[in-house]
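The values are calculated or read from the model by the stated rules, or taken from the named source; none is laboratory data. Just so it is clear, the structure is predicted and the values come from calculations on it, not from any experiment. All Cβ positions, glycine included, derive from the backbone under ideal geometry; neighbour counts span all protein chains shown.
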Amino acid sequence: MADHDHYSADYLKEILGTVNTIALLGASPKPDRPSFGVMQFLLSEGYKVYPVNPGQAGKEILGQTVYATMADIPEEIDMVDVFRAPEYLGEVVSEALALPRRPKVIWGQLSVRDDEAVKPAEAAGIRVVMDRCPAIEIPRLGL
């Protein structure tokens, strides 16, 4: 289990350096929303990003088809990037654990943290990062 108060640079580098596909939960088509900017950044860094937002399913955000749920994504997901309120983290973990091929990482964005909710994911071997933003960490770590 990770220490969710402090993540080592090596831990974050290993995650961000091995992830290729990302499900971005709470993706927004609005350019002023943080999820839009982070998705744009991740795409520019070469990650394959699948936006997930039930209200936008079937539409496109930044040229990527939006899916209603993680289960609808047609490819194995390496990381789930969560732009949802912390109280939904348990639901996200349950959905991730129900996938036929589980993600390697669940990443809670800034202010998205619930230590109890992620315990089942960690027990299943899924790495967890919370209250961090990959668009901040990638440049900070020099990736």
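Here residue 77 does not fit the description of being in contact (Cβ under 8 Å) with a residue 60 or more places away in the chain and either buried (at least 18 other Cβ atoms within 10 Å of the Cβ) or in a strand (DSSP E or B) (or both). In the set (1) part of a helix (DSSP H, G or I); (2) in contact with a Ser or Thr (Cβ under 8 Å, 6 or more places away or on another chain); (3) over 30 Å from residue 123 (Cα atoms), residue 35 fails one condition alone, (3). The test for being in a helix (DSSP H, G or I) and either among the aromatic types (Phe, Trp, Tyr) or closer than 19 Å to residue 127 by Cβ (or both) holds for residue 93.
Taking the criterion of being surrounded by fewer than 14 Cβ atoms within 10 Å (Cβ to Cβ), assigned to a loop (DSSP other than H, G, I, E, B) and touching an Asp or Glu at 6+ places or on another chain (Cβ under 7 Å), would at least one residue in region 58-68 satisfy it? The answer is no, given that none of the residues of region 58-68 is surrounded by fewer than 14 Cβ atoms within 10 Å (Cβ to Cβ), assigned to a loop (DSSP other than H, G, I, E, B) and touching an Asp or Glu at 6+ places or on another chain (Cβ under 7 Å).
Scanning region 97-121 for residues that are outside any loop (DSSP other than H, G, I, E, B) and within 15 Å of the chain's Cα centre (by Cα) gives 97, 105, 106, 107, 108, 121. Of the candidates 26, 90, 63, the single residue that is over 16 Å from the mean Cα position of the chain (by Cα), modelled with pLDDT of 95 or more and not hydroxyl-bearing (Ser, Thr, Tyr) is 63. Right, residue 95: out of contact with any Leu (no Cβ under 6 Å at 6 or more places or on another chain), without any contact (Cβ under 8 Å) to a residue 60 or more places away in the chain and loosely packed, with under 14 Cβ neighbours inside 10 Å or not? Here the answer is no, as residue 95 does not meet what is asked. Does any residue of region 5-19 turn out to be part of a loop (DSSP other than H, G, I, E, B), at pLDDT 95 or above and not aliphatic (A, V, I, L, M)? Scanning region 5-19, I find at least one residue that is part of a loop (DSSP other than H, G, I, E, B), at pLDDT 95 or above and not aliphatic (A, V, I, L, M), so the answer is yes.
Residues that are surrounded by fewer than 20 Cβ atoms within 10 Å (Cβ to Cβ), among the small types (Gly, Ala, Ser) and under 23 Å from residue 42 (Cβ atoms) within region 108-134 comprise just one, 111.
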